[in-house]
Amino acid sequence: MTATGPRPPVAVTIAGTDPSGGAGIQADLKTFTARGAYGASIITALVAQNTHGVSRIYEIDHDFVIDQFDSVVDDIHVDATKSGMLGTPELVQTTADYAAAGRLGFLVVDPVMVATSGHRLLAENAIDAVRTVLLPQAGLITPNLPEAALLLGDDEPEAGTPAQMREQAARLLKMGPKAVLLKGGHGADDIVTDILAVAEDDDIAWREFSHPRVFSPNTHGTGCTLSAAIAAEVAHRRHALTQAGEDPAGASTGEQLGDAVGAALDYLARAIGSAADWQLALNPDGAHGPVDHIVDITR
Ligand SMILES: Nc1ncnc2c1ncn2[C@@H]1O[C@H](COP(=O)(O)OP(=O)(O)O)[C@@H](O)[C@H]1O
Ligand SMILES: Cc1ncc(COP(=O)(O)OP(=O)(O)O)c(N)n1
């Protein structure tokens, strides 16, 4: 039986935790809420971390993660999903399997590999599985500059210019995702440039997004927040089409996806700007604080 009554747009996060609330599951659920989507979550690992970095990772039994997948997708209509920290090759494979079975809606893959503090969040022997089994299931991947280089090969240099970013994005598209957002936050320019490449028949639809760089230590969780915001935007668009009895695939054409990514990046820019002066940490020395996920919510 399929329910036909009203329901909100639904976005799911598959990720590890951040008890300090800046990244991972906690950031994703705040972002879904701030962007008006109903959020559900599948926790892949318990991570002890805060604004000073990761101190310990506690793995969760793989079969229990599968129980969480089933708890969500056997019960709730999922419009869009984002994956973040997957940790192991088994979890990469499981995520790809559920996506291939059409259980996750539109899948945004944030190929999280290493935290800014240097801790590995993806085992080295899981990178190949990301390349070969997960990327082909993704509606969109959102690598930062080092992640894009690593996905392309062990000796690939990081892109340093928008032209090099386009060239790498085009090669990442050939690995199977429907679209690539190559994020430029790790660059050094005063303007942050993010490049979107969407596969369209034999062609590529390009969009370039620019925002002034905010010189702030508070950029912990920007990648998590962005991928969650994109999933929420796409969930809204797919939900509207589904409720109207139309094909939700219309939400991820080059133009629609470009608009969703643009709205998510503008939200993130406001969230980074609003938290630029924050001193959340008791010891501010070397701390990287979070962004203001609820920047648009006023009392
Ligand atoms: N200092 C900054 N000023 C403005 N925007 C930023 C800044 N740092 C990150 N961003 C935005 O956040 C996005 C994600 O950040 P990035 O550092 O590239 O990825 P990640 O957090 O995954 O390492 C970037 O694409 C950019 O739009
Ligand atoms: C549980 C968890 N997932 C992902 C990250 C990485 O967050 P990201 O926004 O990519 O970058 P930093 O916050 O590490 O700068 C994380 N820390 N924890």
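The values are calculated or read from the model by the stated rules, or taken from the named source; none is laboratory data. Please read all numbers here as calculations on a predicted model, not as lab measurements. Here Cβ is always computed from backbone atoms with ideal geometry, including for glycine, and neighbour counts include all displayed protein chains. Protein only, heavy atoms only, side chains kept; ligands, DNA and RNA dropped before computing areas. Shrake-Rupley method; radii C 1.70, N 1.55, O 1.52, S 1.80 Å.
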Item checked: Condition check for residue 256: polar (S, T, N, Q) and either closer than 23 Å to residue 102 by Cα or touching a residue at least 60 places away in the same chain (Cβ under 8 Å) (or both) -> yes
Check: Out of the residues in segment 273-299 that are open to solvent by 30 Å² or more (accessible area, probe 1.4 Å), within 20 Å of the chain's Cα centre (by Cα) and of a type in the set (Val, Ile, Thr), which is farthest from residue 28 (Cα to Cα)?
Finding: 295
Next item on the list: Have a look at 116, 81 and point out the one that is open to solvent by less than 70 Å² (accessible area, probe 1.4 Å), of a type in the set (Val, Ile, Thr) and either away from ligand 1 (no atom under 16 Å from the Cβ) or within 30 Å of residue 296 (Cα to Cα) (or both).
Entry: 81
Notebook entry, point to check: Pick from 245, 258, 262, 221: which is at pLDDT 95 or above and at positive phi?
Noted result: 221
Next item on the list: Name every residue in segment 125-174 that is away from ligand 1 (no atom under 16 Å from the Cβ), open to solvent by less than 50 Å² (accessible area, probe 1.4 Å) and within 20 Å of residue 207 (Cα to Cα), in order of residue number.
Entry: 139, 170, 173
Margin query: So, restricting to strands (runs of 3 or more DSSP E) that lie completely within segment 158-226, which ones have at least 3 residues that are more than 16 Å from ligand 2 (Cβ to nearest atom)?
Written below: 191-200, 203-212
Notebook entry, point to check: Do you know which residues across segment 216-271 are under 24 Å from residue 295 (Cβ atoms), surrounded by fewer than 20 Cβ atoms within 10 Å (Cβ to Cβ) and of a type in the set (Asp, Glu)?
Noted result: 259, 266
Next item on the list: State yes or no: is residue 296 touching a residue at least 40 places away in the same chain (Cβ under 8 Å), more than 22 Å from residue 81 (Cα to Cα) and away from ligand 1 (no atom under 16 Å from the Cβ)?
Entry: yes
Check: Is there a residue being open to solvent by 30 Å² or more (accessible area, probe 1.4 Å), touching a strand residue (DSSP E or B) at 6+ places or on another chain (Cβ under 9 Å) and among the acidic types (Asp, Glu) anywhere in segment 53-63?
Finding: yes
Notebook entry, point to check: Across segment 212-243, what is the total count of residues that are without any contact (Cβ under 8 Å) to a residue 60 or more places away in the chain and within 17 Å of residue 31 (Cβ to Cβ)?
Noted result: 1
Margin query: Would you confirm, using the coordinates I've provided, whether residue 261 is in contact (Cβ under 8 Å) with a residue 24 or more places away in the chain and part of a helix (DSSP H, G or I)?
Written below: yes
Notebook entry, point to check: What single numbered condition from (1) under 18 Å from residue 129 (Cα atoms); (2) within 16 Å of ligand 1 (Cβ to nearest atom) fails to hold for residue 24?
Noted result: (1)
Next item on the list: Can you work out which of the residues in segment 211-257 that are more than 16 Å from ligand 1 (Cβ to nearest atom) and among the β-branched types (Val, Ile, Thr) is farthest from residue 184 (Cα to Cα)?
Entry: 242
Notebook entry, point to check: Among (1) farther than 19 Å from residue 142 by Cα; (2) of a type in the set (Ser, Thr, Tyr); (3) open to solvent by less than 50 Å² (accessible area, probe 1.4 Å), where does residue 31 come up short?
Noted result: (1)
Next item on the list: Could you grab me the full set of residues in segment 100-113 that are of a type outside the set (Val, Ile, Thr) and either in contact (Cβ under 8 Å) with a residue 40 or more places away in the chain or crowded, with 23+ Cβ neighbours inside 10 Å (or both)?
Entry: 104, 105, 106, 107, 110, 111
Item checked: Sole residue being assigned to a strand (DSSP E or B), crowded, with 20+ Cβ neighbours inside 10 Å and touching a strand residue (DSSP E or B) at 6+ places or on another chain (Cβ under 7 Å), chosen from 25, 42 -> 42
